[in-house]
Amino acid sequence: MPEYKLSYFNVKALGEPLRFLLSYGNLPFEDNRIESADWPAVKPTMPMGQMPVLSVDGKLAHQSVAMARYLAKQVGLAGADDWENLEIDTIVDTVNDFRHKLAVAHYEPDEAVKEKKFATVNSEVIPFYLEKLDEIASKNNGYLANGKLSWADLFFVAVLDYLNGMAKTDLVANRPNLQKVVENVTSIETIKKWIAKRPETVI
């Protein structure tokens, strides 16, 4: 079995989908959490000067979605054919589009501009994405692609705390089908074990 080491900050955010996938597949990994104070010294050692970075037998990979796709294949959560993979990729890219739109408001340094951006996020962005994703989950019986568990579901549930933190609300509170996605993922025994033992962080 390969030796896995995941380097990321001490938050869930973009590292958590990778931790979920490794945990799901019972793949032992070193959860290397870098403190913010140590980051300037670590940054030059990373392929593109950013994290997360996955080491597989000493070979370094970066780009969180590409790494998640790779791990999904290792643990049997990729699609059964090209069309199924397209369905999964579409969901992951949609969740990432949503994340980017939340981030633009969340990380805005000017408070007055931030307030305006959040007004749009709350009135347009959140309702639009959540309604669409909830519909998709309804059509797929509590999953986000192909009517069965895939890495799209793990990806969404793993980044949800990050999305909630940026949105300052429980995004799935009134979305029963997305709640079902969360339930379907968090009730998996290996995921449940990971959630119980992972460090407590807000996002």
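Points worth noting:
- A single entry from 178, 133, 154 fulfils the requirement of being within 30 Å of residue 32 (Cβ to Cβ) and touching a helix residue (DSSP H, G or I) at 6+ places or on another chain (Cβ under 7 Å): 154.
- No other residue among 134, 82 is under 30 Å from residue 47 (Cα atoms), modelled with pLDDT of 95 or more, charged (D, E, K, R) and out of contact with any Gly (no Cβ under 7 Å at 6 or more places or on another chain) apart from 82.
- Candidate set from segment 126-136 (those that are of a type outside the set (Phe, Trp, Tyr) and open to solvent by 40 Å² or more (accessible area, probe 1.4 Å)); member that is nearest to residue 79 (Cα to Cα): 136
- Among (1) open to solvent by 30 Å² or more (accessible area, probe 1.4 Å); (2) in contact (Cβ under 8 Å) with a residue 12 or more places away in the chain, the one test that residue 139 misses: (2)
- Number of the exception - residue 123 against (1) of a type in the set (S, T, N, Q); (2) farther than 21 Å from residue 78 by Cβ; (3) part of a loop (DSSP other than H, G, I, E, B): (3)
- Subset of segment 163-177 (residues that are under 12 Å from residue 126 (Cβ atoms), crowded, with 16+ Cβ neighbours inside 10 Å and not β-branched (Val, Ile, Thr)): 163, 164, 166, 167, 171, 175
- Candidate set from segment 1-17 (those that are in a loop (DSSP other than H, G, I, E, B) and surrounded by fewer than 21 Cβ atoms within 10 Å (Cβ to Cβ)); member that is modelled with the lowest pLDDT: 1
- Whichever residue in segment 18-53 is hydroxyl-bearing (Ser, Thr, Tyr) and loosely packed, with under 15 Cβ neighbours inside 10 Å and, among such residues, is farthest from residue 190 (Cα to Cα): 45
The values are calculated or read from the model by the stated rules, or taken from the named source; none is laboratory data. Computed from a predicted model, the values in this text were never measured in an experiment. Positions of Cβ are generated from backbone atoms using ideal geometry, with glycine treated the same way; all protein chains shown enter the neighbour counts. When the accessible area is computed, the model is the full protein with side chains, heavy atoms only, and any ligands, DNA or RNA have been set aside. Shrake-Rupley method; radii C 1.70, N 1.55, O 1.52, S 1.80 Å.
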